[in-house]
1. Where the only charges are on Cβ atoms (+1 Lys, Arg; -1 Asp, Glu), what is the dipole of the range 224-326 about its Cα centre, to the nearest 20 debye?
2. Take the Cα gyration tensor of the chain, multiply each eigenvalue by 5, square-root it, and list the three semi-axes largest first, rounded to whole angstrom.
3. Place a point 7 Å from the Cα of K464 along the Cα-to-Cβ direction; which residues of the range 296-329 have their backbone N under 13 Å from it?
4. For E136 paired with K370, estimate the spin-label separation in nm (one decimal), with each label point 7 Å from Cα along the Cα-to-Cβ line.
5. Projected onto the charge dipole of the range 315-413 (+1 at Lys/Arg Cβ, -1 at Asp/Glu Cβ, origin at the Cα centre), which of P381, I396, L329 gives the Cα projection farthest towards the positive end?
6. Please report Rg over Rh for the range 221-351, where both radii come from the alpha carbon positions and Rh follows the Kirkwood definition.
7. State the extension gain, in nm to one decimal, for the chain segment bounded by W172 and A427, taking 0.36 nm per residue of separation less the distance between their alpha-carbons.
8. If I compute solvent accessible area with a 1.4 Å probe over the protein chains, what percent of it on the chain is carbon and sulfur?
Amino acid sequence: MSESFYVTTPLYYVNAQPHLGHAYTTVIADALARWHRQHGESVFFLTGTDEHGEKIAQAAHAQGVSPQTFADRASQWFRSLWASLGISYDRFIRTTEPQHVEVVRKVLEVLHNQGALRRGTYIFWYCVPCETAWSESDFPDPHTRLCPSCQRPTDRAEEDDYFLDLEPHRAWLIEYIETHPSFILPVSRRNEVLGMLKKALPPLCVTRPKDRVPWGIEVPFSSKHVTYVWFDALLNYLSALDWPDGAAFQECWQKAGAIHLIGKDIIRHHAVYWPIILHALKIEPPKTIFAHGWWLVEGEKMSKSKGNMVDPVAVVKTYGMDALRYFLLRDVPLGEDGIFSESALIRRINADLANDLGNLVYRSLSMLEKHAHGRIPSGRPSEEDRHRMDAIEHAIALAIRTLAIDEALKAIWDWVNQANRSIEEEAPWELARSGHKEKLDSFLYRLADRIRVVALWLWPFLPKAAQSIWEQLGFEIPVDRSLLPSALDHPIPPGQKIRKAPPLFPRIV
Ligand SMILES: [Zn+2]
């Protein structure tokens, strides 16, 4: 029976256009999903949009449309960006769709029936831009009460709501984190969460009065309340699996275990609230919550108020989807902050993509045209190559399973660079000049086969370039139809006609 893999991104809030941070999380999830599919696993890759709450109602009002119409449009921005970035999600869920609404209401009913929810007065300090209600103990400075997440001023408020007590679950959660080392990653984030759990947890308010926030999922046991938008959004990880009776829930949640990829700014919601909500429902926690870092622009976090947002749509238009994917996946180890700038992106494109990869493919295919009449000559891979190939395949697998994607790409580039070196060392043009036909054929064969392996390895990360290399080598069946690692052992057939194309990544000057 094949293994299963369940990976999620957060549901993106549709109050504004997608930015580089959204693209980052989604590209990571996509690379992982593709790699696991390529290795024969049954994959479920979930993403989507979070569409309820005050800010959506406000944004819709400003445009003179209904919240649903606004959400329909905004959800589409994300879908088109994912199309332009080659994102291969299996399910795009929206929190306004009936399947999700039904699950949220069911969860609230279950919790209410078991007495886990209680009514009370909610006193809070609310940050409208973050849609986050903060309690007194959250403020580093209790005098200013600035939002701990965005540093903006917050508003004091009081209302009648329903609560889920978190404190009774705190000891359990601490123990769970301590006994499951890969539950919260990286370690720095795990320590941050354990820090949050050092003091008593205030109850989580899971509703909002409908007269203040009308745009939300109505609570089944109170017509005066809607569901708090975060509580609503987190439940997508279950509703997309058709919890509680769906086969997908069995397969993805129970058997595979969820990998939640998130930005580090939403760690509290995912690593404190979410496991406790699940614990209250008697559902196992996800397998891993991985919080990646931020892309900083000139040393600062991107934000609308600073006007330094990077628009991924524009970057893809200018540089292409694979260039952006490569930069995001390669430039920093997952979990650390990165610095985004156009010059850094161009440096990567020119050095790694144009010079190393593009050049290898272009000059190899040129030599096959010139010295082998555009066909793969006879030959076979060397034993040495087969050993190195196995070692690199192993290194990539290890890197992917530990979410060290940059290490996987480095391993592939070791192979690319070795192939480039072999051209310098064996100087095929000399072999051609001196009439060593057999030696030349044998070298060109090995070179073509090394490039075949590059295409297979690159597919999860740079799907467009991988497919192009594959076609240039003359393969008819798409590259994604080959399963690894077994496909590595099927060398390129001699006699196959190549189809050389222009350079994959032209140098940017
Ligand atoms: Zn805030």
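The values are calculated or read from the model by the stated rules, or taken from the named source; none is laboratory data. All of these numbers come straight from a predicted model, not from anything done at the bench. Reconstructed Cβ throughout: ideal geometry from the backbone, glycine too, with neighbour counts over all protein chains shown. Note: accessible area is taken over every heavy atom of the protein model, side chains too, but ligands, DNA and RNA are not part of it. Shrake-Rupley method; radii C 1.70, N 1.55, O 1.52, S 1.80 Å.
1. Charge dipole of the range 224-326: 240 debye, to the nearest 20.
2. Those come to 49, 23, 20 Å.
3. 313-327
4. Placing both labels 7 Å beyond Cα along the Cβ direction yields 7.9 nm.
5. About the Cα centre, the residue reaching furthest to the positive side is P381.
6. Working: Rg = 19.0 Å, Rh = 17.6 Å.
With Rg and the Kirkwood Rh in hand, the quotient comes to 1.07.
7. Length gained, W172 through A427: 85.3 nm.
8. On the chain, the fraction of accessible area on carbon and sulfur atoms equals 52 percent.
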